[in-house]
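The structure under discussion appears below in the form of structure tokens.
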Amino acid sequence: MRRVGFLGVLVAAALVGTPMQAARADDGLTYNHFVAFEQAVADDVDSFWASWSREHSAPYHSARLVLAPQGRSRNSACGVAVADPVDGADDASPAFYCPRDDTVYMSAGWLYRVIYRNFGDLAAAVALAHEWSHHVQRLHKLHPPTVEIAELQADCWAGVWAHDAGDRGLLDAGDLAGAGQALYALGDYDYRSPDHHGTPRQRERELSVGYRNGDPARCDLPQPRRRTKD
């Protein structure tokens with residue numbers, strides 16, 4: 001289990017009544033505590049976008065978060081099941097935003113086992129911030145010409161939120177690297193797929209761009225160049 005840096009502050013608010021020893025950096029989190037942490041992350045991301053929207057006179061209302069329990073599935077208004085990949089639902093997606101009901105759906109089991117345990121706390125938070133960015137894209141009536149551009153912009157906006165978290169002293173050394181490694185692992189080279197999200201390096205790079213500039217307006221992306229590998 002990787003050390004818990006970013007979790008320390010948010011989890012204190014999420015686990016009211018839970019002894020702080022349960023959230024010590026050298027302990028890691030149990031699955032149940034991790035679920036509480038992800039809800040705290042959603043509240044923090046929502047607060048960031050609400051504040052940014054007020055400052056820029058942009059429309060905003062909160063999305064909902066549904067964390068599918070470990071080993072369980074949930075259906076959305078988009079007709080897609082969220083599932084822990086181990087449950088055998090081949091057509092399920094472990095994380096997505098449904099614009100028809102303004103809800104982010106995520107498999108808590110997948111986040112905990114695949115993202116948090118392999119890449120760390122900020123990586124799990126960035127996965128949620130990425131999906132929340134799709135909600136903001138919809139509210140701002142942005143219609144990127146391809147899924148790839150929409151996904152890379154969401155990666156960049158997740159980096160913008162991470163920049164804000166860093167300004168508030170929530171990040172430790174190595175947190176951003178772990179989040180970048182997670183996005184790199186989630187990239188793909190399936191250019192012909194309509195669901196292509198960007199190559200590993202593109203996804204890692206856009207997170208870094210958002211983190212460096214801290215400005216959503218600087219995440220407007222040109223058409224990515226096609227490469228066999230990058």
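Name the one entry in 210, 169, 214, 180 that is among the small types (Gly, Ala, Ser) and modelled with pLDDT under 95.
169
Does residue 130 qualify as being open to solvent by 30 Å² or more (accessible area, probe 1.4 Å), in contact (Cβ under 8 Å) with a residue 24 or more places away in the chain and either more than 19 Å from residue 69 (Cα to Cα) or among the aliphatic types (A, V, I, L, M) (or both)? Write out each step before concluding.
On the way: open to solvent by 30 Å² or more (accessible area, probe 1.4 Å): no; in contact (Cβ under 8 Å) with a residue 24 or more places away in the chain: yes; either more than 19 Å from residue 69 (Cα to Cα) or among the aliphatic types (A, V, I, L, M) (or both): yes.
Criteria not met by residue 130.
When you scan the stretch 164-184, how many residues do you find that are within 14 Å of the chain's Cα centre (by Cα) and either part of a loop (DSSP other than H, G, I, E, B) or over 14 Å from residue 121 (Cα atoms) (or both)?
1
Residue by residue through the stretch 93-111, note down the ones that are more than 22 Å from residue 194 (Cα to Cα) and under 13 Å from the mean Cα position of the chain (by Cα).
107, 108, 110, 111
Would you call residue 185 among the small types (Gly, Ala, Ser) and either in contact with a Lys or Arg (Cβ under 6 Å, 6 or more places away or on another chain) or surrounded by fewer than 22 Cβ atoms within 10 Å (Cβ to Cβ) (or both)?
yes
What's the number of the only condition in (1) open to solvent by less than 40 Å² (accessible area, probe 1.4 Å); (2) closer than 29 Å to residue 100 by Cα; (3) part of a loop (DSSP other than H, G, I, E, B) that residue 203 fails to meet?
Every condition holds for residue 203 apart from (3).
Does residue 65 qualify as being modelled with pLDDT of 95 or more and either part of a strand (DSSP E or B) or crowded, with 16+ Cβ neighbours inside 10 Å (or both)?
Considered against the rule, which asks whether it is modelled with pLDDT of 95 or more and either part of a strand (DSSP E or B) or crowded, with 16+ Cβ neighbours inside 10 Å (or both), residue 65 comes out as yes.
Name the single residue, out of those in the stretch 186-206 being farther than 15 Å from residue 156 by Cα and in contact (Cβ under 8 Å) with a residue 12 or more places away in the chain, that is farthest from the chain's Cα centre (by Cα). Break it down into steps so the answer makes sense when it comes.
As a first pass, look at the stretch 186-206 and keep what is farther than 15 Å from residue 156 by Cα: 188-196.
Add one more test, that the residue is in contact (Cβ under 8 Å) with a residue 12 or more places away in the chain, and what stays is 188-189, 191, 194-196.
Details: 188: 17, 189: 21, 191: 22, 194: 21, 195: 17, 196: 17 Å.
The extreme case among them is 191.
With respect to the numbered conditions (1) surrounded by fewer than 24 Cβ atoms within 10 Å (Cβ to Cβ); (2) touching a helix residue (DSSP H, G or I) at 6+ places or on another chain (Cβ under 6 Å), which one is the sole condition not fulfilled by residue 179?
Of (1) surrounded by fewer than 24 Cβ atoms within 10 Å (Cβ to Cβ); (2) touching a helix residue (DSSP H, G or I) at 6+ places or on another chain (Cβ under 6 Å), only one is false for residue 179: (1).
Among the residues of the stretch 113-151, how many are more than 12 Å from the chain's Cα centre (by Cα), within 18 Å of residue 177 (Cα to Cα) and either outside any loop (DSSP other than H, G, I, E, B) or modelled with pLDDT of 95 or more (or both)?
4
Restricting attention to the stretch 57-76, which residues are without any contact (Cβ under 8 Å) to a residue 24 or more places away in the chain, in contact with a strand residue (DSSP E or B) (Cβ under 8 Å, 6 or more places away or on another chain) and over 23 Å from residue 33 (Cα atoms)?
Passing the criteria: only 75.
The values are calculated or read from the model by the stated rules, or taken from the named source; none is laboratory data. Being a predicted model, the structure only gives us computed values, none of them experimental. In this analysis, Cβ positions are derived from the backbone assuming ideal geometry, glycine residues included, and neighbour counts consider all displayed protein chains. Side chains included, ligands, DNA and RNA excluded: accessible areas come from the protein's heavy atoms. Shrake-Rupley method; radii C 1.70, N 1.55, O 1.52, S 1.80 Å.
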